[in-house]
Each structure stands twice: as structure tokens, then as C-alpha cells.
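Quick notes on the structure that follows.
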């Protein structure tokens, strides 16, 4: 039995310790906002925040994250998340939307560390998150728009 | 879900009524139901004042929920904030794609036909509901209906000062008979939502917050997850399987053989995957396709020079015109197989009992999927209940006449006796290696120009597998043995060339193929538009002027080209090291032109800017149209830069996004401008037509920069591009 801290709540799970966090979230806990896209940390659809850092859950054994702070798209809160999600909605960013939970988590991680990212910062921070609909043009614009609504020294 | 079981049954009964109510475009609107809810085939109005539009078309990212809802909401005079959208049920005739079958029997999303075929039907649905709300208000207030206005979701009678919301009138409206008379639709100047800027996408909030349920997210009590071991070569079949090690893995509950492979079922995906890895399988490869890409290319080249071909276009006297030409250009173009690779891998969920089969999936071809599920189960089509969920991308992949992923799921449920709900998912490796690719193609072209530099002759051989030959679609898409979906969109069709002979050879290859976003136009536009620039250059002409001279009888294409030229600064000087290229293609009734500006940075291609112009008739949702052009540019560019499915001795070489690298943020052009030609013509599609021009526009920009024409895709690792790095 492992105790996980997911979205600020303790959750006990009885699973193969080698099972990637992705499948624990989706199949065991029903948190399907975290998506499967490649299973090899190549696309970012499975992004969660681990202790506030954007992390690929599809190659992360659940035993490695017991007791650590895991935030999924369902549990994402705070002023940076609000700014990002509002910018995404106002900018009509989504198309199929399947990658966007991961994109939002990556964007919130970026803006939390760097409230005024340059295009190069965005390329570096978001380059691991694939969007097959290629909404990148709007993701970039929405990231800049969200940044403009946040104080320069972000929380 | 607010809808009760009773109202849902009633809804289904009503929407399957044939001939009753208002008929328009082959569709019957059933009578509205009683109670406090007002339900019609395409919408429901609840007492809480929400209007839910039932989308007969699959939402895959193209914005169709928003688009169809805009049509309904405008004629209903609803307020956009009260509109919701969800997938319609499967089956009733109301939900057929009228572009493909006017009788309504084919429920399908594809070919960029959704807005096109729904334009009158969905507006009529909104106008009919509006008329019934007005009638209900008139009866309640005892005033003439003609004195009642509807504005932004408020029904009002000015003289008496009475007002009501749709929700307040829903119950009364729902008890009224559906009007017999054909409703009057708005004139274009009266549109309030159609064409309006600033409408938020209906699916934006849920998708931004991780709350949109996709097919792969389906959960049910007792659900088992299945993955399928498929043969390593196309055409192989199962010889024997030893499942003992797989069954020993904790969480694995069953292993069954079906026609397409061996399914491992488990309590969770991880156990199913480990179980599949532990299978020991022998395949019978007697009928397998064992050729590699090199052998296929050699065969395609041989066929391109053979007489084994059918006529696609034959006009004038091409031999004589070529013989008389002052300038002749010959070119051979190569295109690889391409995978759709939607980010949501294929999946379906099935609950099977003795007399019913319930399926949840993202589907672009519900009618075919129902028939195929019926064939697998032995049930009647009316015993198949298919729920369409949002798709995490599809690009054509979930519209396949063979229903491969649906059939596998249903067959697995059947093989396990319906003991548990089954969700079968494809891994990314399954997706990239599982076939149904954009066909590999070889085009061989000879063109001739006269002494004034006019294009007088075109001979083109297309070698590429048929997509719809032998499928139920053939009645629509195969003419005189020629599959339009393998051969359309050539220069002979899109430019005024007096002498043309276009022929097609359908090579026999065991690699399954399918339509891929914009179908034949992905390769046909490339050879055509790259050739145009070669021809222009060979006679010292400007590529824009050269095309315009061939489009004198095509005012739409002329307007689009003229607009893209003006907005892109065509002809204006460029900084050193920047190349500019143009391409044009009409597909799905929409004309799109794009101008790309490219640089080589340390030998790597960088697309800085793309200017796009299009004519899609009435622009229903301008921002969705712009988004589709931006996304299509990225989708097409990613494929053109790096993507190919290759085979070695019949085995697919690519496995995941490392060997099939998708476009990423740093690859996306920094600047994209989309310009929509104002139009009052009925709308045509925008989900696909933005794809074909980008690859030739980029290739032509490279040609302008390097002087060397590009005749092979993908660009990366391309011997035609010596300065371009290989992977």
C-alpha cells in the first residue's frame, strides 16, 4: 500500500509499485484529465506537477512519488493557473484539446518560475508538449497574454 | 446529464419519425415532447434556459460543435452564453451527412462537409424552434405572434411589456405541434452570430480544465482494459500463442485470440501491457507483405513507366502539344506513407449482452461502425448503440470503412462472452505501426510550354494505392474504375491547360491505406504547385503571374491569389537568405493560397512567416476558420519536414514520436496571418483545405532560395536538399 498526495489529498493505492503514475491516475483513481499519448515521455500529454514542477507521469513509477505533492489538471488552482486558463479560453486556443491539460500545466510551471518569458523561454519550456492540431501559435500568444495579467514577481 | 431515461427514449422515438413534421433537405423534424423540456432532433431547451445543440458531426478539434451551434443559435436568436453542444445519438436519419447521402442514412464526418451539408438543415432547426417559442408566447400572452420579437434569448412583446426566457417557454413550446410550413430563414444581413468575431469556442473551458471526456477516458464498473498483439507484418495471421506467462501477471484476467491478433485483458492498462509483452506468438506469414520501402519505390517507378493505367483526365492532344513545345520540363515526385497519429490513440469501449451491444468511442463514421459491430456480434444494427465521444484528434483515422479499432473491441468483448465491459486501447506504437496510412505516391510529370511561355501540355502519371475502391464508398468516389480519392486535384483540374492526359496506376501493396487530412490533395497539390514554380522559372516568369494567367476563368482562385499576394508583400524585396514561395489548392470546395518565408539557419530549415488567404463562402466562425488554417499549416508543415512511414522487409520502421517526430513549438512559424475573402456563397469546409498548400509553398520558398527544386518528401534527410540536415 502506497500513500499518494494528489491534489492536496492523501490517497491510498494498492498497485504494482512499478506501475507508472499515469495509469494509477487514470485507471485506478479515475483522474482521466491526465492523458496517455506515447508512454515514453515524448509528447507531454501525461504532464502533472510533481512538487510544482512539470513532470511526465507515463514513465514515473508510482513508488517513486509516494508522499510527494502531485497536482493534476483537475486539481490545478491559484492565480497563475487562473490566468493561464482564462487566456487559453479567451484566445480560443484548444482544438481537439487532448494535449491541453498538459500544455496548461507546463505553462503554469513556466510562468510561476518566469513571469515574463521570452519566445525562446517558451520554446524551451513548451517544446516537450506535442499538439497534433498544432495550436502552438495560439499557445504562445495565450502564454504572453497570461503573463501580462500577472505581476512581474509572480507568486 | 440532465436528460432522464424517459425523455431520452422519447427523444429517440421522435427523431426517428419519418415523414412527420417539417421536412427539409431530406430530414424530418419530429414533434416536440411534453413536460418542461423542449426537445427536437438538433436541440433541447431546458427550464434552466440552456440550449443544448446535438451535433450530428464528430468534434475532433475542427470546431464543429461551435460551428453547428452557431447555425442553430443564430436562427433561434439565442444568446451565445446559453448554448451548449454535445454529440447527437447514432442512427436516426436526421443525423446523416447530406453531402454524402441525401437520404440521411450515412452518419459520417469527413471531407470537410460538416458546415456545408448542415448550412440549411441546422438553421431550419433553429428557426423552427424559434417559431414554436413564439407560438407558445403568443398563446400565453394572447397576442398576435407577429408582434413578438426574439432577441439574444429573450422573447418579448413590446406593446404589453411582457418578456420571457426560452427556459420559461420550453414546456409550453414543447407541447405544440411542429409547424407544417417551411420556416423562413434569415437573410445574411440579419445574422447576429454567423460571421461574428469574438464567439468563444463551446468546448474551450472543459478542454482547458481537463474535463472533456474522450473515448479513451470511458469508465464503467468492472471495466477491463485490453491491448491487442497484432502481427509484425501486414497480412500475417495467428498461428499459435502461448499465453501462460501473460496469464501469470498480476491483474491479467483473460487472453483471447480474435481475427486480428491476441487480446490481453487486465484490471488496468499497465498489467495489460505487461501481459502483452509476455505473450509468445507464432505468426503465419504466408500472405504477408514482405517488401520494404526501396522495393516498393522501384515497383512504383516501373509502374509509372508501364501502360497499366486508367485515364483520370484526357483532353486535347497531349503528345502533339508536347512535341510542339518550346520548353519541356520533366519531373518525378516521391511521397511517403504518413500516419495520422492523433494524440489520443484509438480506443473503444464495449458492453455486450445477448441482445445488445453498447459502444463508446470517438468515431467519424458511425453508420459503418454500427454495421461492422453488427457483423461481428451477429446482432441487428438496431441492437448496436454507439455513443460518440470527443476525439483527441483524428485527421481521418477514425473514419475507416473497416472500423478496425471498433471491430477489435467488439470482437474482444464477444470472445470473452460479454463477461465484462472491455476498453481496448492502441498504444502509440500500435498506432504508428498499425497501418491505414496516407498512401505512398509517385508522380511522373511532363509539361510543355509554347514560345510565349504558356503552359500548353501536361502529362501526369499517378502511382498510388486506391483508398475507397472495394469499400461501400466506391459508389460515391469511384468513376470508371478511378478512385477520385487517389487522383483528384491535379493541374489538369485546377488550371486551364488545353492538352492534358492524367493517368493512374493502382499498385497492389499489402499496406492498408486511408484518407489523411485533405486526402489526395496532400500529394496532388505538392507536385502540381512545385511544378508550377519550375515552369515559371524555366521561362523567366513570376510564379504569381504565371498562375494568374492559367486562372482567367476562375474568379475565386484569382481573388484568393491576389489577396495572398497583397498581404504577403509578394514581389517586395526580402532580406538576404530568405526565400518566399507560393502555393494554391482548391479542395472540398474551398480555395486556399499560402505564401511561406523560409531561411536556412545552420543548415536547418526555418519557416518564419506564413500568409494565408482563403475563400470558404460565408465565414460562419471567422476565428475557428483562422484556427483551422493555423493548425493545418502546422500539421502539414510537420509532415513535410520530417514525417514518413517506411518499411524494412514489410515491417514498419517507426515506433513512437522519436522516430515519427511531430511538429513542436519551436518549429511553428512565428507569424501566421489568415485573410478570409468576404463571400455570400454557402459555406464550404475549413478542416482540411488549409493543409495542401503549405508543403509546396515551403518547397517553392526553398527553390527560390537555393535554385534547386524539391521533388521528394519529407524534406529532412532528403537528397534533393544537400544543405538540409538528416535526422
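What follows is calculated from the coordinates using simple rules that are stated; it is not laboratory data. Please read these numbers as outputs of a predicted model, since none were measured by experiment. In this analysis, Cβ positions are derived from the backbone assuming ideal geometry, glycine residues included, and neighbour counts consider all displayed protein chains.
What's the FRET efficiency of residue A:90 with residue B:105 using the Cβ-Cβ distance as r and R₀ = 41 Å, to the nearest 0.05? Each step should come with its number before you reach the end.
On the way: r = 41 Å, r/R0 = 1.00.
After rounding to 0.05, the efficiency reads 0.50.
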### Equivalent-ellipsoid semi-axes of region B:147-194, from the Cα gyration tensor, Å, largest first
20, 18, 11
### Task
Enter the Cα centre distance for the pair region B:565-632 and region B:344-380, rounded to the nearest angstrom.
41
### Message
I'd like the distance between the alpha-carbon centres of region B:421-453 and region B:203-258, rounded to an integer number of Å.
### Response
27
### Query
Gain in length, residue B:326 to residue B:160, computed as 0.36 nm per residue apart minus the alpha-carbon separation, to one decimal in nm?
51.7 nm
## Note on the structure
In whole angstrom, the spacing between the Cα centers of region B:50-111 and region B:460-513 equals 31
### Task
With label points built 7 Å along Cα→Cβ from the Cα atoms of residue B:282 and residue B:558, find their separation and express it in nm.
7.1
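Between residue B:149 and residue B:211, what FRET efficiency follows from the Cβ-Cβ distance if R0 is 51 Å, with the result rounded to 0.05? Mind dumping the intermediate values first?
Details: r = 36 Å, r/R0 = 0.71.
Between residue B:149 and residue B:211 the formula returns 0.90.
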### Task
Mind running the shape call on chain B? Use the C-alpha gyration tensor, a ≥ b ≥ c as the square roots of the eigenvalues: rounded below 1.5 for a/c, prolate if a/b tops b/c, oblate otherwise.
oblate
### Message
Below 8 Å between Cα atoms, with a sequence gap of 6+, how large is the relative contact order for region B:419-481 in percent?
### Response
23
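What Kirkwood radius, in Å to one decimal, follows from the Cα pairs of the protein assembly as shown?
Numbers: mean 1/r = 0.0351 Å⁻¹.
Averaging 1/r across every pair of different Cα atoms and inverting gives 28.5 Å.
What fraction of the DSSP beta bridges in chain B is antiparallel, stated in percent and rounded to the nearest 5?
About 75 percent, rounded to the nearest 5.
By per-residue mean of other Cβ atoms within 10 Å, what is the highest-first order of B:134-144, A:3-13? The partial results should precede the final answer.
Numbers: B:134-144: 17.0, A:3-13: 14.3.
In descending order of packing, they fall as B:134-144, A:3-13.
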### Task
Could I have the simple spin-label model distance between residue A:148 and residue A:40, label points 7 Å from Cα toward Cβ, reported in nm to one decimal?
4.0
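Can you give the mean number of other chain Cβ atoms that lie within 10 Å of the Cβ atoms in peptide A:8-21? Write down the numbers at each step before the final one.
On the way: counts 0, 0, 0, 0, 0, 0, 0, 6, 7, 0, 2, 6, 3, 0.
Mean number of neighbouring Cβ atoms from other chains: 2.
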### Task
Pull up the DSSP beta bridges for region B:51-189 and report the antiparallel fraction as a percent, rounded to 5.
60
## Note on the structure
Rg (one decimal) and Dmax (whole number) from the Cα set of region B:581-727, in Å, equal 16.2, 54
### Task
Take peptide A:36-49, look around each residue's Cβ out to 10 angstrom, count Cβ atoms belonging to other protein chains, and average those counts.
5
### Query
For residue B:670 and residue B:608 in one chain, what is 0.36 nm times their gap in residues minus the Cα-Cα distance, to one decimal in nm?
21.8 nm
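Antiparallel DSSP bridges in region A:2-75: what percent, to the nearest 5? Walk me through the numbers on the way to the answer.
Working: 12 of 14 bridges.
Antiparallel bridges: around 85 percent, rounded to the nearest 5.
Equivalent ellipsoid semi-axes for region A:79-148, as square roots of 5 times the alpha carbon gyration tensor eigenvalues: give them largest first, rounded to whole Å.
On the way: eigenvalues 53, 36, 21 Å².
They are 16, 13, 10 Å, listed from largest to smallest.
Per-residue mean of other chain beta-carbon atoms within 10 angstrom of the beta-carbon, peptide B:627-633? Show your work: numbers first, answer last.
On the way: counts 10, 2, 0, 7, 10, 2, 2.
Mean partner shielding for this stretch: 5.
Mind sorting B:425, A:139 by how few other Cβ atoms lie within 10 Å of their own Cβ, fewest first? Display every interim value, and only then the final one.
On the way: B:425 24, A:139 27.
In order of increasing Cβ crowding within 10 Å: B:425, A:139.
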### Task
Fewest Cβ neighbours within 10 Å first, please rank B:660, B:420 accordingly.
B:420, B:660
## Note on the structure
Quarter of the surface of the C-alpha convex hull for region B:628-715, i.e. direction-averaged projected area in nm², equals 8.3
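Between residue B:493 and residue B:708, how high is the FRET efficiency from 1/(1 + (r/R0)^6) when r is the Cβ-Cβ distance and R₀ = 25 Å? Nearest 0.05. Walk me through the intermediate numbers first.
Details: r = 28 Å, r/R0 = 1.11.
E(calc), rounded to 0.05, equals 0.35.
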### Query
What's the exposure ranking of B:544, B:637, going from fewest to most Cβ atoms within 10 Å?
B:544, B:637
